[in-house]
1. Look through R113, R126 and report the one residue that is outside the structural domain of V268 (by TED's automatic domain parsing), basic (K, R) and surrounded by 16 or more Cβ atoms within 10 Å (Cβ to Cβ).
2. Please state which one of K263, K256 is more than 23 Å from the chain's Cα centre (by Cα), assigned to a helix (DSSP H, G or I), surrounded by fewer than 18 Cβ atoms within 10 Å (Cβ to Cβ) and not β-branched (V, I, T).
3. If you check L247 against the conditions, is it in a loop (DSSP other than H, G, I, E, B) and touching a helix residue (DSSP H, G or I) at 6+ places or on another chain (Cβ under 7 Å)?
4. Looking at region 266-297, which of the residues that are part of a loop (DSSP other than H, G, I, E, B) and without any contact (Cβ under 8 Å) to a residue 24 or more places away in the chain is surrounded by the fewest Cβ atoms within 10 Å (Cβ to Cβ)?
5. Would you please name the residue that is farthest from R28 (Cα to Cα), looking only at residues in region 87-97 that are modelled with pLDDT of 95 or more and out of contact with any Ser or Thr (no Cβ under 8 Å at 6 or more places or on another chain)?
6. Being at pLDDT below 95 and buried (at least 19 other Cβ atoms within 10 Å of the Cβ) narrows it down to one of G23, G70, G55, so name that one.
7. Starting from region 125-153, keep only residues that are touching a residue at least 60 places away in the same chain (Cβ under 8 Å), then list their pairs with residues that are in a helix (DSSP H, G or I) and small (G, A, S) whose Cβ atoms are within a distance under 9 Å, requiring at least 6 positions of separation or different chains.
8. Among the residues of region 169-201, what is the count of those that are small (G, A, S) and either in a strand (DSSP E or B) or in the same structural domain as D228 (by TED's automatic domain parsing) (or both)?
Amino acid sequence: MSHNYSYGIVPPFNTVALFGADGQIGERILSALLTSKRHTFKVIAFIPPSGQLPGGTDTTNVVTKTFDLGKLTREDLASNLKGVDAVVSALNGEALIAQGTIQDAAADAGVQRFYPSEYGMHNIYRKPGDPQGYVHPAWNMKAEMNEQAIIHPAVRAGRMSFTMIGCGDFYDQYREKVWCPWTQSPDQVEEYTIHTIGDPNAQADYTHLDDFAAFLVATLLEPEKSKDQFLNVVSDTISHNEIAKLLKKYTGKDVKMDIRPNKDMHKVIADPSSVKEEGLKQSAFPVDFWFLVKGLQGQGRFVRPASQIHNERFGLTRTSFEAYFKHRSPAAKETKL
């Protein structure tokens, strides 16, 4: 198949190995790779033995391989990465520990580009009256893996490059009824409850998962623009009160604001078991972690300066909260806020 390389002097990467292709983030990346209208990618999708690709995936250009964290070896993995141009890690949690071995194997196989599983934003937690700063274990693990990735011997020697992609809070996580209550269909709820810690008028950065995936694919299409780069993609910068107004406008449902003081964040971080409300424990994330994120958002600290946001580098559109709500509720009222 012929390709048009007019969008970059260096041709796009052709073969991409995606680790964690069955996860919440990985499946969006996989979909973006397979539906790209600008290039036909060959994808090697690595999933755990118990995993499976999302239903309806067009597997025409996909080779599926399983990897077992308990049996993963550098040598075996390197043989499976021969001919791969770029490795994208979409691992999380305990699986993230395997990322170092994956990059070692990628280097052995001659892979040109490595994408660590960043896809977020790290903040320092500061306790009242304590001059020491702290990093939550979930962020610290990511930070540690990121450090290893960018100082990897193959990267230092110039045999491999990296692309680090950060973003805002992923706002369309459908499994997250507590973290992202607005993802629930209005047919399923009597009213919405948005949990806020601190100032509900403080704005924070948010990213739509499909915007993020499209951005990642764009960096694969233009390797020179993304070589050894720290890039960030943000879809919207908005406050919880603004989100609540849009949610009510486009669903017609009442929106309750559960506004808690900063001291609640400090209390939960000190003792996660202090949370007794079962409804607040229904997140896939530890309760102290999402209290921390919401608290930092309420402090106005979960934002990046415009100079550190790179949406325009690849000419991609962004999905604002209003566009997201409007798309999901095409018959919604058009009254002004």
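1. Exactly one of R113, R126 is outside the structural domain of V268 (by TED's automatic domain parsing), basic (K, R) and surrounded by 16 or more Cβ atoms within 10 Å (Cβ to Cβ), namely R113.
2. Working: K256 fails: assigned to a helix (DSSP H, G or I).
Residue meeting the stated conditions: K263.
3. No.
4. Looking at residues that are part of a loop (DSSP other than H, G, I, E, B) and without any contact (Cβ under 8 Å) to a residue 24 or more places away in the chain, I get K276.
5. Once the filter is applied, the top-ranked residue is V87.
6. G23
7. Y125/G295; K127/A270; A138/G93
8. Number satisfying all stated conditions: 0.
The values are calculated or read from the model by the stated rules, or taken from the named source; none is laboratory data. Quick caveat: nothing in here was measured; it's all calculated off a predicted structure. Cβ sites come from the backbone with ideal geometry, for glycine too, and all protein chains shown count toward neighbours.
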